[in-house]
Structures are given as structure tokens and as C-alpha cells.
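S.K.: Quick one: the structure is below, questions incoming.
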Amino acid sequence: MASYILTLQLDPAATELFNRLRRQYYPAHANEVAAHLSLFYRLPADEPGIIASLDTMPAQPSFVLQVNDVQRYTNGIAYTLMSEELQVLHTSLQKQWEQWLIPRDRQPLRPHITIMNQVTAFKAQQAHEALKAAFIPFAVIATGVQLWRYLKGPWKLERTYGFLT
């Protein structure tokens, strides 16, 4: 079954920063997509209600997210982000799409951007220590949402739904 992924679009400076970090830390052989903040991991591409609800989504102003930490996983690293507006948007979409959501997409949103994955625990620990030592919280701007078609590896951008600036 074909599926969509919905991500949050960030301002160009934030996008470039996270893409640069991902190119630096993510193993090149496994890095098939750009840095991203996933909102929904698997939406049915054959369900017209998904596109219809995005097409008729009320105008949403851009909003600020706080990048608040560098988190280490066993074999990777992600930056965590916080925003009340993002949580409200996500919850609203969850309610609209409840019948089509996989269990992972029914969970509360824990916004993050993975910049390293599929490495040894030792390599993740070393990179995390370096990034954490230099980390200072900062703000980024959400500028829209992007709908991607999952292609069993790389993704294809289908549509961008921009927020008001």
C-alpha cells in the first residue's frame, strides 16, 4: 500500500542547519532523505480524505519552536523541539484522521529532528558529548507542512501547505 509522510516545514536557515548536521553525522550510505520533523509516519496515499483535509485546513500563522536539547539514543542523536502551537496542530490532525492512523501516529507527538542514526553506541556517545557541550537552546520557525510519498527509501515531495507569514 502506498503511503504518505507528513512533516513540518521549517524556515530556510533552520532547514540548512539541520541538513548540514545530518550530512555531517548521518552515515552517507543510509542518508536517503533530508533532515525532517515527522508529524505522521504513515498515512494512506489512497485515502482522498487526507488531501481534502489538508486542502481545506484553516489558515495557520507561522509559529516559533524552541530547540531545547540534543538527545542521545542508543545508536543516534536527535534535536528535540517544543511548541504548544505544534501540539495543537498535531492533535487536531490526529482527530481528523483517527480512522487512518497506525499506532505510532496515534501517540503523543515528541517533536525531534534526527541527525545521526544507524551508528555504533560508542560513536553516538562521542558525537552527543561534543554536540551537547556546545549546545545553546535556540528558536526556529515553522513555515508549513509538507506531504511526502514514501518510496521505500527516498521520499517524493507531493505538496507543501505553507503557513501565513
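The values are calculated or read from the model by the stated rules, or taken from the named source; none is laboratory data. For clarity, every value in this text was computed on a predicted model and none was experimentally measured. Virtual Cβ from ideal backbone geometry, glycine too; neighbours counted across all protein chains shown. Surface accessibility is based on the protein's heavy atoms, side chains included, excluding ligands, DNA and RNA. Shrake-Rupley method; radii C 1.70, N 1.55, O 1.52, S 1.80 Å.
S.K.: Given LEU65, LEU43, LEU81, which one is of a type outside the set (S, T, N, Q) and under 23 Å from GLU158 (Cα atoms)?
M.R.: Numbers: LEU65 fails: under 23 Å from GLU158 (Cα atoms); LEU81 fails: under 23 Å from GLU158 (Cα atoms).
On inspection, the qualifying residue turns out to be LEU43.
S.K.: Name the residues in region 94-106 that are touching a residue at least 12 places away in the same chain (Cβ under 8 Å), more than 30 Å from ARG23 (Cβ to Cβ) and assigned to a helix (DSSP H, G or I), would you? It would help to see each step written out before you state the result.
M.R.: Start the filter on region 94-106 by keeping residues that are touching a residue at least 12 places away in the same chain (Cβ under 8 Å), which leaves 94, 96-97, 100-102, 104-106.
When the remaining residues are screened for being more than 30 Å from ARG23 (Cβ to Cβ), the result is 94, 96-97, 100-101, 106.
Those that are touching a residue at least 12 places away in the same chain (Cβ under 8 Å), more than 30 Å from ARG23 (Cβ to Cβ) and assigned to a helix (DSSP H, G or I): GLN94, GLN96, TRP100, ARG106.
S.K.: Here's something else I'd like to know. Please indicate, with yes or no, whether at least one residue in region 70-86 is under 22 Å from ARG23 (Cα atoms), of a type in the set (Val, Ile, Thr), assigned to a loop (DSSP other than H, G, I, E, B) and open to solvent by 90 Å² or more (accessible area, probe 1.4 Å). Outline the logic, then answer.
M.R.: Going through region 70-86, the residues under 22 Å from ARG23 (Cα atoms) turn out to be 70-81.
Within this subset, residues satisfying the condition of being of a type in the set (Val, Ile, Thr) are 70, 74, 77, 80.
Imposing the further condition that a residue be assigned to a loop (DSSP other than H, G, I, E, B) reduces the set to 74.
Okay, now just the ones that are also open to solvent by 90 Å² or more (accessible area, probe 1.4 Å), so 74.
Within region 70-86, one or more residues are under 22 Å from ARG23 (Cα atoms), of a type in the set (Val, Ile, Thr), assigned to a loop (DSSP other than H, G, I, E, B) and open to solvent by 90 Å² or more (accessible area, probe 1.4 Å).
Each row is one residue, and each column tells you yes or no for (1) touching a His at 6+ places or on another chain (Cβ under 7 Å); (2) touching a residue at least 24 places away in the same chain (Cβ under 8 Å).
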| residue | (1), (2) |
| --- | --- |
| ALA30 | no, yes |
| HIS36 | no, yes |
| PRO48 | no, no |
| ALA52 | no, no |
| ALA59 | no, yes |
| ASP69 | no, yes |
| THR74 | no, yes |
| ALA78 | yes, yes |
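S.K.: Can you go through TYR161, TYR150 and tell me which one is aromatic (Phe, Trp, Tyr) and open to solvent by less than 60 Å² (accessible area, probe 1.4 Å)?
M.R.: TYR161
S.K.: Something else now. I want to confirm something. Restricting to region 136-147 and keeping residues that are surrounded by fewer than 14 Cβ atoms within 10 Å (Cβ to Cβ) and touching a residue at least 12 places away in the same chain (Cβ under 8 Å), which single residue is nearest to PHE63 (Cα to Cα)?
M.R.: Among them, the one singled out is ALA139.
S.K.: Next question. Give the number of residues within region 101-112 that are open to solvent by less than 60 Å² (accessible area, probe 1.4 Å) and out of contact with any His (no Cβ under 7 Å at 6 or more places or on another chain).
M.R.: Qualifying residue count for the region: 5.
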